[in-house]
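Scroll down for the structure; my scribbles are underneath it.
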Amino acid sequence: MDNRRRLIEYIRKHSFQKSDKPVFKLSSGNLSSFYFNLKKTTYSPEGQYLVGNLVFDKIKELGLRPKAIGGLTMGADPIATAAAYTSYIRGEPIEAMVIRKEPKGHGTMGQIEGKVMAGDEVIVIDDVVTTGGSTIKAIDASIRAHLKIIAVIILLDRCEFDGRQNIEKLGYPVHSILTIKDFE
């Protein structure tokens, strides 16, 4: 079984719930008949292996050469570190970065952690997209830090509430590894 199929099966077993009625309240406040808690996958050893390889493969497929990859903490953190680790093992290192929800209140007062600086090309990543709100916060923070966003990669697009479209309206290419259609 290939890594993509393995990830779908792992998510189905550990991170996916479905109901006949919209009973799951999402972070956006909307109700849905399905719910993904991808942290149960992305923080697991097997999930990290699968996600790291699939995200790195997507970056290579797209012909991208980012300095770093990351997104809003905490959904993006394990994906960014898994992709960074995989990139190192494969001999094409990509830095991981973490985007805090708010700038630090001390030290450099920064919002982005990692070895990135103004002008670096980065990929913004997120675990699940519904409305796109978290991804857009990560994009906004990256813009304020003068990073050059070359793509947005979503581990799972719920294909609900216009998330992908809301991100694309900002002018960035959006690529997803999986969508809800993989779970129907």
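Residues in segment 151-168 include at least one that is in a helix (DSSP H, G or I) and closer than 25 Å to Y10 by Cβ. Yes or no: segment 101-121 includes at least one residue that is of a type in the set (V, I, T) and within 19 Å of L64 (Cα to Cα). So far as segment 101-121 goes, yes, one or more of its residues are of a type in the set (V, I, T) and within 19 Å of L64 (Cα to Cα).
Taken over segment 144-184, the criterion of being closer than 22 Å to G52 by Cα, more than 14 Å from the chain's Cα centre (by Cα) and free of Cβ contacts under 8 Å to residues at least 24 places away in the same chain is satisfied by K181 alone. Taking every residue in segment 1-21 that is more than 12 Å from L178 (Cβ to Cβ) and pairing it with any residue that is outside any helix (DSSP H, G or I) and among the small types (G, A, S), at least 6 positions away or on another chain, the pairs with Cβ-Cβ distances below 8 Å are H14/S44; K18/S33; S19/S33; D20/S33; K21/S33.
Restricting I89, I125, I149 to residues that are surrounded by fewer than 19 Cβ atoms within 10 Å (Cβ to Cβ) and touching a helix residue (DSSP H, G or I) at 6+ places or on another chain (Cβ under 6 Å) narrows the list to I149. Listed by position, the strands (runs of 3 or more DSSP E) inside segment 67-136 whose residues that are charged (D, E, K, R), closer than 24 Å to R164 by Cβ and touching a residue at least 12 places away in the same chain (Cβ under 8 Å) number at least 1 are 121-129. If the condition is being more than 13 Å from I180 (Cα to Cα) and either of a type in the set (A, V, I, L, M, F, W, C) or surrounded by 13 or more Cβ atoms within 10 Å (Cβ to Cβ) (or both), then segment 23-36 contributes V23, F24, L26, S28, N30, L31.
Based on this model, can you work out whether S176 counts as surrounded by 16 or more Cβ atoms within 10 Å (Cβ to Cβ) and either in contact with a Pro (Cβ under 6 Å, 6 or more places away or on another chain) or assigned to a helix (DSSP H, G or I) (or both)? Taking the combined requirement at face value, the residue does not satisfy it. So, K60, is that one among the charged types (D, E, K, R), over 24 Å from G132 (Cβ atoms) and either modelled with pLDDT under 95 or surrounded by fewer than 17 Cβ atoms within 10 Å (Cβ to Cβ) (or both) or not? Yes; evaluated as a whole, the condition is true for this residue. Inclusion of T86 among residues that are at pLDDT below 95, under 30 Å from K181 (Cα atoms) and of a type outside the set (A, V, I, L, M) is not warranted.
The values are calculated or read from the model by the stated rules, or taken from the named source; none is laboratory data. Everything numeric here is computed off the predicted structure, so don't read it as measured data. Here Cβ is always computed from backbone atoms with ideal geometry, including for glycine, and neighbour counts include all displayed protein chains.
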